[in-house]
1. Are any residues in segment 86-103 loosely packed, with under 15 Cβ neighbours inside 10 Å and farther than 30 Å from LYS210 by Cβ, and if so, which ones?
2. Please work out which one of (1) within 24 Å of PHE255 (Cα to Cα); (2) open to solvent by 60 Å² or more (accessible area, probe 1.4 Å) is the condition LEU113 fails and give its number.
3. Which ranges mark the strands (runs of 3 or more DSSP E) fully within segment 106-189 that have 3 or more residues being closer than 27 Å to GLY87 by Cβ, touching a Pro at 6+ places or on another chain (Cβ under 9 Å) and of a type in the set (S, T, N, Q)?
4. I want to confirm something. Restricting to segment 34-48 and keeping residues that are open to solvent by less than 40 Å² (accessible area, probe 1.4 Å) and outside any helix (DSSP H, G or I), which single residue is nearest to ALA92 (Cα to Cα)?
5. Here is a list: ARG154, ARG233. Which entry is within 18 Å of the chain's Cα centre (by Cα) and charged (D, E, K, R)?
6. Of all residues in segment 72-85, which are under 19 Å from SER22 (Cα atoms), open to solvent by 30 Å² or more (accessible area, probe 1.4 Å) and touching a helix residue (DSSP H, G or I) at 6+ places or on another chain (Cβ under 7 Å)?
7. So which residues in segment 190-205 are open to solvent by 40 Å² or more (accessible area, probe 1.4 Å) and either part of a strand (DSSP E or B) or not charged (D, E, K, R) (or both), if there are any at all?
8. Could you list, in sequence order, all residues of segment 154-179 that are in contact with a strand residue (DSSP E or B) (Cβ under 7 Å, 6 or more places away or on another chain), under 19 Å from PRO209 (Cα atoms) and open to solvent by 10 Å² or more (accessible area, probe 1.4 Å)?
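The values are calculated or read from the model by the stated rules, or taken from the named source; none is laboratory data. None of these values were measured; they are calculated from a predicted model. Counting neighbours? That spans all protein chains shown, and the Cβs are built from the backbone with ideal geometry, glycine included. When the accessible area is computed, the model is the full protein with side chains, heavy atoms only, and any ligands, DNA or RNA have been set aside. Shrake-Rupley method; radii C 1.70, N 1.55, O 1.52, S 1.80 Å.
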Amino acid sequence: MGRLRCRRVCFVSSRSGESPRSIAFLASRAPQAQEALAALTARYGQCAPEAASVIVALGGDGFMLDTLHGTQKLGLPVYGMNCGTIGFLMNAYGEPDLMARLDAAEEELINPLRMKAFTLNGGEVEKLAINEVSLLRAGPQAAKLRILVDGRERMPELVCDGAILCTPAGSTAYNYSAHGPILPIGSDVLALTAVAAFRPRRWRGALLPKTATVRFEVLEGEKRPVMADADGRSVRDVLAVEIRSEPDVQHRILFDPGHGLEERLISEQFT
């Protein structure tokens, strides 16, 4: 899931002022998640998201991102339970005492990135990204990118397999695999990381202020096609991409006490 505007509060239903009693369970298609859905709805009931006070997402990190994007306009907190592999954004799965866990949960507020992609056919596409926006080569040849920050050219040509701009929440995902830095929660920075940079060969990226607007321009786009990806949602044949933090959008994620994003980011650096 720009700067993460974070707070830790004991979860209270925003609708009743009481412990949550109306839960909307959402699950991925994975068999483990579907089994969890059946068990939890039998035990706690099921509510439509529009009438719920909290959403419980069952799956992995990918499904959690899909849930946050899909329920954004509801303004509800989302509590993830891991039925996937990594589960960086999730809590441990368990059927007992779910109400007590929701009562004690700590809330993190996350601001996403807003991507505006301009395509070779003249189209414009906007998407939000909680983790990162990636530009990736979409053909056999390396991509050539020009990088501007707040309208000022910072790199006239980056030859690479791609480039990533990520939030602190996304810094342990694709960014970390590409040897980018892990960003502390609440930091006022974004990480710009190159993927397999060929020229400049030793350049791996930069730290930018959270308020920066980053523009990637694709050079030789027809010969060297590039796609843009926002949390797994792709736009092909891009000509340019502008990215900035979106302070007007907040995602509410609930974590068990002592297992929030800040602790996970620190722990990740010692494993």
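1. Result: ALA92, GLY94, GLU95, PRO96, ASP97, MET99, ALA100.
2. For LEU113, the failing item is (2).
3. Because the criterion is at least 3 residues that are closer than 27 Å to GLY87 by Cβ, touching a Pro at 6+ places or on another chain (Cβ under 9 Å) and of a type in the set (S, T, N, Q), no strands (runs of 3 or more DSSP E) in segment 106-189 meet it.
4. Filtering segment 34-48 for residues that are open to solvent by less than 40 Å² (accessible area, probe 1.4 Å) and outside any helix (DSSP H, G or I), the one nearest to ALA92 (Cα to Cα) comes out as GLY45.
5. ARG233 is the lone residue from the list that is within 18 Å of the chain's Cα centre (by Cα) and charged (D, E, K, R).
6. Result: LEU74, single match.
7. Within segment 190-205, ALA196, PHE198, ARG199, PRO200, TRP203 qualify.
8. ARG154, MET155, listed by residue number.
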